[in-house]
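Visitor: Pasting in a structure now, in structure tokens, and then I'll have a few things to ask.
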Amino acid sequence: MANEAALVKQLSSDKVVEQFVATAGAGAKSFAKEVALTISGNPALEHAKLGTVIVEATKASALGLSLLPTVGEAYLVPYKGDAQFQLGYKGIVQLATRSGQMKSFGAENVYAGENPKWDKYNQELVTDGNEAGDVVGYYAFFTLVNGFKMAAYWPKEKVEAHRDRFSKSKKGPWSTDFDAMAKKTVLKSILQFAPKSSEMKRAFAEDTQAEYVQAGIYDVTPDAPSIETAAKDLAATRQSQSPKQSDDSSHEAENLFDELSDLDKKSTPNPFAENLGGTSHD
């Protein structure tokens with residue numbers, strides 16, 4: 001608990017708050033408090049290196065997602081002494097909504113009483129009962145504004161196999177919010193085929209990176225824009241909205257990632273450094 005208290009205190013310091021300015025702007029102090037609350041609510045994170053906490057929290061900040069577990073948009077997950085960013089179901093909902101490409105989308109629990117059967121030829125879930133009994137699977141769907149649609153159904157066993165392969169952390173959302181993470185996983189599996197904004201590509205790449213690290217696979221989506229690009233994009237947006245702050249915003253983004261790079265190198269090697277620096281092709 002002493003380590004936890006020390007980490008929370010560090011996250012409340014002016015020096016650490018400054019690390020979040022490039023992505024959180026005027027809300028940097030509030031976001032730092034949110035990160036501190038996240039650490040306080042998960043004792044398994046108390047031994048996480050400060051550098052990894054800052055780097056991974058910044059990923060959520062750059063995407064405009066909350067890290068509070070009660071919100072369910074994104075999480076900090078402890079793994080081998082580091083903190084890792086993980087996307088939540090509500091985070092995918094937020095990003096898909098912002099994309100402007102969706103007419104409808106979502107994911108649902110499927111119950112034993114519904115007698116679900118997946119028609120693979122028509123890509124439809126057929127049910128003939130009621131929502132009763134245990135959850136036996138998860139259904140996800142989307143329809144684009146241009147009419148293109150896709151759906152998927154994963155039995156619970158398939159979701160559990162995915163969890164067992166890609167989530168080795170025993171103190172993350174898979175243990176506290178299984179249904180939400182299951183719905184995220186199935187929805188993410190089909191949204192890979194939908195047009196994605198730069199931030200959605202980035203979120204998927206960061207989420208996949210965390211999964212691949214835990215599965216021992218050292219590869220991620222190569223063309224996803226990096227978190228550094230995210231901060232610089234935000235800084236550019238602020239320049240156009242507030243010309244007087246243009247120089248300060250640019251310097252904030254550059255300084256942030258100079259410092260984060262140093263922190264990351266001290267805390268843990270990053271096998272994805274080259275792969276995450278691609279360019280968006282929206």
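The values are calculated or read from the model by the stated rules, or taken from the named source; none is laboratory data. The structure presented is a predicted model; accordingly, all values stated were derived computationally and were not measured. Cβ atoms come from the backbone with ideal geometry, glycine included; neighbour counts cover every protein chain shown. Areas reflect the complete protein model, heavy atoms only, side chains present, ligands, DNA and RNA absent. Shrake-Rupley method; radii C 1.70, N 1.55, O 1.52, S 1.80 Å.
Visitor: Looking at segment 41-139, what strands (runs of 3 or more DSSP E) fall wholly within it and have at least 2 residues that are surrounded by fewer than 22 Cβ atoms within 10 Å (Cβ to Cβ) and in contact with a strand residue (DSSP E or B) (Cβ under 9 Å, 6 or more places away or on another chain)?
Guide: 102-111, 117-119, 124-126
Visitor: Check segment 1-10 and report whether any residue there is closer than 19 Å to SER167 by Cβ and part of a loop (DSSP other than H, G, I, E, B). Break it down into steps so the answer makes sense when it comes.
Guide: Pass one, segment 1-10, residues closer than 19 Å to SER167 by Cβ: none.
No, every residue in segment 1-10 fails to be closer than 19 Å to SER167 by Cβ and part of a loop (DSSP other than H, G, I, E, B).
Visitor: Given (1) surrounded by fewer than 21 Cβ atoms within 10 Å (Cβ to Cβ); (2) touching a Leu at 6+ places or on another chain (Cβ under 9 Å), where does VAL21 come up short, assuming only one miss?
Guide: Just one mismatch for VAL21, condition (1).
Visitor: Now for a different question. Would you confirm whether or not segment 67-88 contains a residue that is aromatic (Phe, Trp, Tyr) and closer than 22 Å to PHE142 by Cβ?
Guide: Taking every residue of segment 67-88 in turn, none turns out to be aromatic (Phe, Trp, Tyr) and closer than 22 Å to PHE142 by Cβ.
Visitor: Name the residues in segment 140-151 that are over 19 Å from THR185 (Cβ atoms) and either open to solvent by less than 80 Å² (accessible area, probe 1.4 Å) or not charged (D, E, K, R) (or both), would you?
Guide: Hits for segment 140-151 are THR143, LEU144, VAL145, ASN146, GLY147, PHE148.
Visitor: Something else: When segment 130-173 is examined, which residues are found to be of a type in the set (Gly, Ala, Ser) and within 23 Å of PHE105 (Cα to Cα)?
Guide: Selection gives GLY137, ALA140, GLY147, ALA151, ALA152.
Visitor: Scan segment 153-178 for residues that are surrounded by fewer than 15 Cβ atoms within 10 Å (Cβ to Cβ) and either farther than 30 Å from ASN122 by Cα or acidic (Asp, Glu) (or both) and jot them down.
Guide: GLU157, GLU160, ASP164, LYS170, LYS171, SER175, THR176
Visitor: Right, another one. Go through (1) assigned to a loop (DSSP other than H, G, I, E, B); (2) free of Cβ contacts under 8 Å to residues at least 12 places away in the same chain; (3) closer than 25 Å to ILE217 by Cα and name the single condition GLU160 misses.
Guide: Status for GLU160: all satisfied but (1).
Visitor: Tell me, which residue of segment 179-200 that is more than 18 Å from GLU56 (Cβ to Cβ) and of a type in the set (D, E, K, R) is least open to solvent (accessible area, probe 1.4 Å)?
Guide: LYS188
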